[in-house]
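Reviewing the structure listed below.
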Amino acid sequence: MIDDTPPSSHAGSDAGSHAGSHAPESADDDAEAVRRASGTAESSRANRGWWDRNADEYQDEHGSFLGDARFTWCPEGLDEADARLLGDPAALSGRRVLEIGAGAAQCSRWLAAQGALPVALDLSFRQLQHSLRIDQQLDLTPVPLVQADATVLPFADGSFDLACSAYGAVPFAADTARLMREVHRVLRPGGRWVFSVTHPIRWAFPDEPGPEGLTALASYFDRTPYVEEDETGAAVYVEHHRTLGDRVRELTLAGFRLIDLVEPEWPEGLTSEWGGWSPLRGRHIPGTAIFVSVRERD
């Protein structure tokens with residue numbers, strides 16, 4: 001559980017995004033965006049600071065869409081209650097579930113309502129404070145919270161039945177192969193690992209909701225990280241790109257078996273825009289990729 005002490009030096013990955021995801025506009029108005037190498041330590045430090053600074057704005061701007069206890073996988077509005085990517089909701093009761101990059105733990109709160117036993121993990125101390133705020137407002141027993149690095153999970157082997165991440169952690173980790181291995185380690189054999197990220201094809205296009213966002217300007221195969229720097233050249237936000245093939249290989253090498261790859265279509269009637277997500281772009285190119293995998297039995 002967290003308390004009100006200052007965050008530790010333990011940094012990691014969290015929820016939302018910038019270059020290709022659905023975070024708010026950066027609060028770092030003087031930051032300059034570049035594409036350059038960024039390793040584990042710099043990425044972790046920058047992203048923890050960014051989310052601690054921007055958590056309030058993010059929850060204010062997107063809290064109504066996310067809900068207090070709603071498990072939505074993506075800006076397209078695909079809900080776990082309908083998608084059942086973690087399995088039948090009726091079968092979640094008593095299952096231990098790790099949510100990685102949980103933000104304010106909206107997904108974990110939905111899981112708890114189904115009778116599951118979730119643990120919400122995030123890099124950002126401030127995001128986790130919002131989880132405590134929501135639980136207090138709703139007069140709910142707080143969801144167990146852990147502030148930690150998603151590539152160094154502070155749990156014993158085989159601690160969880162399921163693991164999930166809705167736009168959290170994965171794009172922010174420099175070493176996602178290690179992240180996949182860590183998730184594999186803490187899952188029991190046969191457990192599912194389901195995570196959603198910005199669809200990799202979006203990295204070839206400008207992150208704009210209008211017609212300018214439909215013309216590819218970059219190479220899909222360019223894996224150079226997206227970095228926002230302050231006036232000294234220090235990273236204040238970092239996001240990492242992998243192709244679809246990269247993700248499949250990472251999962252397979254970690255010991256997972258991919259059982260589904262979901263690309264939600266933009267739903268009729270959804271007219272709102274969220275960063276680079278819009279009805280226009282949603283009709284032409286996918287915005288989200290959801291990887292559904294199973295930890296192979298030993």
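No value in this document is a laboratory result; all are computed from the given coordinates. All values derive from a computational prediction rather than experimental measurement. Every residue, glycine as well, gets a Cβ built from its backbone with ideal geometry; the counts of neighbours run over all protein chains shown.
So the values come out like this:
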quantity: So residue 111, is it of a type outside the set (Lys, Arg) and surrounded by fewer than 22 Cβ atoms within 10 Å (Cβ to Cβ); calculated: no
quantity: Lone unmet requirement of (1) under 23 Å from residue 292 (Cα atoms); (2) assigned to a strand (DSSP E or B); (3) under 20 Å from the mean Cα position of the chain (by Cα) for residue 188; calculated: (3)
quantity: Residue that is surrounded by the fewest Cβ atoms within 10 Å (Cβ to Cβ) [pool: residues in the range 153-179 that are outside any strand (DSSP E or B) and of a type in the set (D, E, K, R)]; calculated: 157
quantity: Residue among 60, 88 that is out of contact with any helix residue (DSSP H, G or I) (no Cβ under 9 Å at 6 or more places or on another chain), surrounded by fewer than 19 Cβ atoms within 10 Å (Cβ to Cβ) and more than 23 Å from residue 188 (Cα to Cα); calculated: 60
quantity: Count of residues meeting criterion [more than 30 Å from residue 188 (Cα to Cα) and surrounded by 15 or more Cβ atoms within 10 Å (Cβ to Cβ)] in the range 281-298; calculated: 5
quantity: Any hit, the range 248-269, residues being surrounded by 14 or more Cβ atoms within 10 Å (Cβ to Cβ), among the aliphatic types (A, V, I, L, M) and within 16 Å of residue 204 (Cβ to Cβ); calculated: no
quantity: Top-ranked residue in the range 93-125 [being over 16 Å from the mean Cα position of the chain (by Cα) and touching a residue at least 60 places away in the same chain (Cβ under 8 Å); ranked as farthest from residue 82 (Cα to Cα)]; calculated: 96
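Residue-wise test of (1) of a type outside the set (Gly, Ala, Ser); (2) at positive phi; (3) touching a helix residue (DSSP H, G or I) at 6+ places or on another chain (Cβ under 9 Å).
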| site | (1), (2), (3) |
| --- | --- |
| 225 | yes, no, yes |
| 233 | no, yes, no |
| 248 | yes, no, no |
| 270 | yes, no, yes |
| 277 | yes, no, no |
